[in-house]
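Undergrad: Sending over a structure as structure tokens; questions will come in a sec.
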Amino acid sequence: MEALTGEVIVRSLGQVGGMVAFTLLGALALEVILYLVLGRLLKSRYTLPYMLLAPAAVGLALLVVYPIGYEVRLAFTNMSLRHFREYTLSLAQGIENLRWVFTEPVLKQAKFFPVLGRTVLWTAVNVVFHVLGGMALALLLNRPMRGRGLYRTLLVFPWAIPQVIAVLAWRGEFHYEYGFVNVMLQRLGLQPIQWYANPLWNFAAACITNIWLGIPFMMVIILGGLQSISREFYEAAEIDGASAWQQFRSITLPMLQPVLTPAVILGVIWTFNNFNVPFLINRNELETTDILVTALFRAAFEYNRYGFSAAFAMVSFLFLFAFAVVYIRVTGALKGVYE
Amino acid sequence: MSTLVKTQRRKAPLSRFFRSARGDSPFKRLLIHLALILSCAISVYPVLRVLSVSLRPGDRLLSTSLAIIPDDATLKAYHTVVFDKPLLLWLWNSLSITVSTAIIGVILAATGAYAFSRWRFPGRAPGLIFLLTTQMIPAAMLMVPIYILAARLNLINSYRGLAIAYSVSSVPFSIWILKGYYDTIPPDLEEAALIDGASRMGTFYRIILPLSTPALAIVFLFNFMTAWNDYMLARIMLQKAEMFTWTLGIWTLAGQFRVEWGNFAAASILVMIPVMALFLYSSKWLISGLTLGAVKG
């Protein structure tokens with residue numbers, strides 16, 4: 001059994017410290033070169049901002065741009081565990097990979113479009129419940145009352161726990177015989193549910209876990225938004241004889257918009273990309289709980305088909321990108337960026 | 001009493017349910033408290049279950065009892081995970097990787113965000129859109145190239161490799177949040193200092209950085225939390241047991257072949273307490289920081 005020894009500490013500190021020092025030195029060298037070229041040679045007006053930006057820009061080019069380019073290249077190869085060093089790179093292989101994504105199973109049985117559909121369903125179900133649950137709790141909490149701080153703290157628990165722990169704990173609790181979910185169902189006189197083996201219930205288990213995990217975030221964001229709405233609006237509406245529902249529709253919802261829109265965007269991105277919940281809840285390697293992200297992971301690292309996975313990832317990204325473009329067109333979410 | 005409640009409710013069916021409630025009837029207040037207590041029970045109960053399992057003696061791990069504190073509670077599992085399992089090693093591995101990622105994120109982002117916030121230079125708008133787009137690219141989309149490049153560069157099973165992989169998402173995110181924060185600092189402060197003879201870099205170090213301490217702390221904390229809780233990238237990049245981070249380690253206890261339920265629960269409680277304390281303490285700033293970057297644009 002491995003243990004934490006002095007040797008391990010020294011080795012890790014050496015590696016990590018070396019990396020941070022290397023980053024700093026590299027940034028410094030970059031600054032000197034930029035200063036000489038832009039400032040002394042070209043006498044650019046923008047020397048200083050470019051110098052400020054350079055370390056991050058170079059870092060992002062190496063860490064993000066280069067891997068994206070490499071992924072495009074990989075999509076045209078047949079690289080796999082067997083063909084790791086000697087693989088073929090050709091247009092025909094790229095077309096073959098693409099054809100495979102759309103016509104053959106991306107895992108053992110699951111095909112691309114069912115997985116895409118499940119991902120959309122997964123995202124929609126989760127975000128809707130997150131917003132509804134968060135909104136309900138925020139409305140309940142948004143009033144002077146005893147124990148408000150305590151309620152708020154307890155309700156934030158699911159968000160505060162490290163996600164991996166929460167998901168693994170839930171996974172255990174979906175056990176047929178000993179998990180508390182089935183124990184409680186039985187005490188209520190209901191039939192226990194096959195959470196692991198039944199495809200539909202397995203997906204439901206993942207949704208339940210993720211809804212439990214995601215409500216606190218929405219609750220806190222919405223509560224913050226509610227508190228910033230001035231009381232005067234409601235008093236005015238009261239005088240005009242508006243009902244509670246009318247007040248909610250025409251005051252609360254519109255005033256929450258600026259808070260809610262970015263929270264929903266974040267929620268959609270997080271849920272769409274959630275890996276831990278569907279991957280860890282999925283117990284019997286059922287392919288019926290896989291969403292795009294977990295299917296990608298398994299195609300790449302369980303079936304070790306790197307070239308194919310790269311093509312798969314590109315197709316998935318194009319769908320996400322199309323969604324983002326439509327969303328931005330419709331809502332004008334990027335308007336503020338240029339200012 | 002009950003007729004009074006009824007007439008009040010009839011007058012306005014959903015009366016004030018959607019607003020503050022100074023004038024709430026006692027019955028409605030009771031309902032609200034009941035709803036909140038039920039919600040709290042749902043949110044806390046799974047955590048209490050973990051605590052309960054961690055206290056059970058080894059021969060009674062599987063049980064249909066719903067009691068929180070078992071009758072024959074014992075701390076044996078805690079002793080096992082600290083002394084017989086490499087929990088401390090896992091935590092140390094996680095700590096060294098996440099802290100270095102967070103440091104790199106803050107260093108690269110602090111200056112870059114300043115350029116985006118204060119200058120209109122060629123390439124600014126595409127740069128900002130690029131930053132936003134990288135937020136939309138899920139880490140999962142890039143895991144294949146990251147894994148293969150890391151394998152080629154011999155970075156698999158190293159602290160370095162994972163710290164670099166985490167920086168992929170932490171750097172753009174940090175720039176985005178910090179730019180949003182710098183934008184809220186009025187430029188008059190720097191102009192005044194410039195008139196008094198300070199250099200542009202001087203204003204950055206003397207004015208902007210000290211004023212941004214809260215935002216820098218948020219960014220550091222956020223990157224730290226994201227990397228600390230990550231499972232997927234760690235699973236790809238670390239294959240040797242001695243390099244495991246705590247998420248991988250806990251997975252070997254709870255998920256892999258033999259489920260060591262009690263040990264998993266005890267390790268979870270030990271990992272959870274400091275993280276939860278840090279989170280509950282800092283959640284106010286974390287949230288304001290998140291929405292700041294998102295709303296301000």
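The values are calculated or read from the model by the stated rules, or taken from the named source; none is laboratory data. Keep in mind that what you see is a predicted model, and the values were worked out from it rather than measured. Don't worry about glycine lacking a Cβ; one is built from the backbone with ideal geometry, like all the others, and counts go over all protein chains shown. These area figures cover heavy atoms from the full protein model, side chains too; ligands, DNA and RNA do not enter into them. Shrake-Rupley method; radii C 1.70, N 1.55, O 1.52, S 1.80 Å.
Undergrad: Working from the pairwise distances between different alpha carbons, so that the mean of 1/r is found and then inverted, what is the stretch A:6-74's Kirkwood radius in Å?
TA: 14.3 Å
Undergrad: So what's the back-of-envelope 222 nm ellipticity for chain A, counting only DSSP H runs of four-plus at -39500 (n - 2.57) apiece and dividing by all residues, rounded to 500?
TA: Here the helix-only value at 222 nm equals -22500 deg cm²/dmol.
Undergrad: Per-residue counts of other Cβ atoms within 10 Å, averaged by peptide: what ranking do you get for B:221-231, A:235-245, highest first?
TA: B:221-231, A:235-245
Undergrad: How shielded is B:103-109 by partner chains, expressed as the average number of their Cβ atoms within 10 Å of its Cβ atoms?
TA: What the average comes to for B:103-109 is 5.
Undergrad: Give the residue from B:146, B:115, B:64 lying farthest towards the positive end of the charge dipole for chain B; charges sit on Cβ (+1 for Lys and Arg, -1 for Asp and Glu) and the dipole is referred to the Cα centre.
TA: B:64
Undergrad: Run the 1.4 Å probe and let me know the accessible area of residue A:249, rounded to the nearest 10 Å².
TA: Rounded to the nearest 10, the figure is 140 Å².
Undergrad: Using only alpha carbon positions, build the gyration tensor of the stretch A:140-189, then give the equivalent ellipsoid semi-axes as the square roots of 5 times its eigenvalues, largest first, whole angstrom.
TA: Values for the stretch A:140-189, descending: 29, 17, 6 Å.
Undergrad: How many Lys pairs in the protein assembly as shown lie less than 20 angstrom apart by Cα atoms, where the lysines are 8 or more positions apart or on different chains?
TA: 9
Undergrad: When the convex hull of the C-alpha atoms of the stretch A:112-302 is computed, what volume per residue in Å³ does it have?
TA: 152 Å³
Undergrad: Probe radius 1.4 Å, ligands and nucleic acids ignored: give me the carbon and sulfur share of the accessible area of chain A as a rounded percent. Can you show the working numbers first?
TA: Working: 11180 of 16420 Å².
Carbon and sulfur atoms account for 68 percent of the accessible area of chain A.
Undergrad: Rounded if a/c is under 1.5, else prolate if a/b beats b/c, else oblate: with a ≥ b ≥ c from the C-alpha gyration tensor eigenvalues square-rooted, which is the stretch A:81-173?
TA: Values: a/c = 3.94, a/b = 2.66, b/c = 1.48.
The shape class here is prolate.
Undergrad: How big is the protein assembly as shown by the Kirkwood estimate over distinct Cα pairs, in Å?
TA: Evaluated on the protein assembly as shown, it is 26.9 Å.
Undergrad: Sticking with this one: Just name one of A:275, A:291, A:308: the one whose Cα is farthest towards the positive end of the charge dipole of the stretch A:216-332 (beta-carbon charges, Lys/Arg +1, Asp/Glu -1).
TA: Looking along the dipole axis, the top candidate is A:308.
Undergrad: With charges set only on the Cβ (+1 for Lys and Arg, -1 for Asp and Glu), what does the dipole of the stretch A:112-302 come to about its Cα centre, in debye to the nearest 20?
TA: That gives a dipole near 340 debye.
Undergrad: Which three numbers, in whole Å and largest first, are the semi-axes of the equivalent ellipsoid of the stretch A:26-139 derived from its Cα gyration tensor as √(5λ)?
TA: 42, 31, 11
Undergrad: Need one number: buried accessible surface between chains A and B, 1.4 Å probe, both sides summed, DNA, RNA and ligands left out, in Å² to 100.
TA: When A and B are taken together, about 10600 Å² of accessible area is lost.
Undergrad: Using a 7 Å offset from the Cα along the Cα-to-Cβ direction at both residue B:157 and residue B:64, what is the distance between the two label points in nm, to one decimal?
TA: Output for this residue pair reads 4.7 nm.
Undergrad: Return the calculated 222 nm mean residue ellipticity for chain B, to the nearest 500 deg cm²/dmol, obtained by summing -39500 (n - 2.57) across DSSP H runs with n ≥ 4 and dividing by the residue count.
TA: -22500 deg cm²/dmol
Undergrad: Would you kindly find the accessible area of residue A:318, with a 1.4 Å probe and non-protein molecules such as ligands, DNA and RNA excluded, rounding to the nearest 10 Å²?
TA: In the full protein context, residue A:318 sits at about 110 Å².
Undergrad: Rolling a 1.4 angstrom probe over the protein chains, ignoring ligands and nucleic acids, what is the accessible area of residue B:190 in square angstrom, nearest 10?
TA: Surface accessible to solvent at residue B:190 totals approximately 0 Å².
Undergrad: Over the alpha-carbon set of chain A, divide Rg by the Kirkwood Rh and report the Rg/Rh ratio to two decimals.
TA: Numbers: Rg = 25.8 Å, Rh = 24.7 Å.
Result: Rg/Rh = 1.04.
Undergrad: Projected onto the charge dipole of the protein assembly as shown (+1 at Lys/Arg Cβ, -1 at Asp/Glu Cβ, origin at the Cα centre), which of A:141, B:232, B:243 gives the Cα projection farthest towards the positive end?
TA: So the residue furthest toward the plus end is A:141.
Undergrad: For chain B, what is the charge dipole size about the Cα centre, in debye to the nearest 20, if Lys and Arg each add +1 at the Cβ and Asp and Glu each add -1 at the Cβ?
TA: 1240 debye
Undergrad: Once the convex hull of the alpha carbons of the stretch A:233-287 is built, what does its volume come to per residue, in cubic angstrom? Walk me through the intermediate numbers first.
TA: Working: hull volume 6.3 nm³, N = 55.
Dividing the Cα hull volume of the stretch A:233-287 by its residues yields 114 Å³.
Undergrad: Then there is this: So, with +1 on the Cβ of K and R and -1 on the Cβ of D and E, and no other charges, what is the size of the charge dipole of the stretch B:122-218 about its Cα centre, to the nearest 20 debye? Walk me through the numbers before you get to the answer.
TA: Details: 6 positive and 5 negative charges, 105 e Å.
For the stretch B:122-218, the charge dipole is close to 500 debye.
Undergrad: Right, here's the next one. For chain B, what is one quarter of the convex hull surface built on the Cα atoms, given in nm²?
TA: Here the figure is 24.4 nm², rounded to one decimal.
Undergrad: Residues of the stretch A:304-322 with accessible area at least 40 Å² lower in the all-protein-chain context than alone (1.4 Å probe)?
TA: In the stretch A:304-322, residues shielded by partner chains: A:306, A:317.
Undergrad: Hey, another quick one. Using 0.36 nm per residue of separation minus the Cα-Cα distance, give me the extension gain between residue A:145 and residue A:264 in nm, one decimal.
TA: 40.0 nm
Undergrad: Evaluate peptide A:60-70: per residue, the Cβ atoms of other protein chains within 10 Å of its Cβ; return the mean as an integer.
TA: 6
Undergrad: Give the ranking of A:84, A:76, A:180 by solvent-accessible surface, highest area first, calculated with a 1.4 Å probe.
TA: Order by accessible area, largest first: A:76, A:84, A:180.
Undergrad: For the stretch B:205-226, list residues with backbone N below 20 Å from a point placed 7 Å from the Cα of residue B:191 toward its Cβ?
TA: So the set is B:205-209, B:211.
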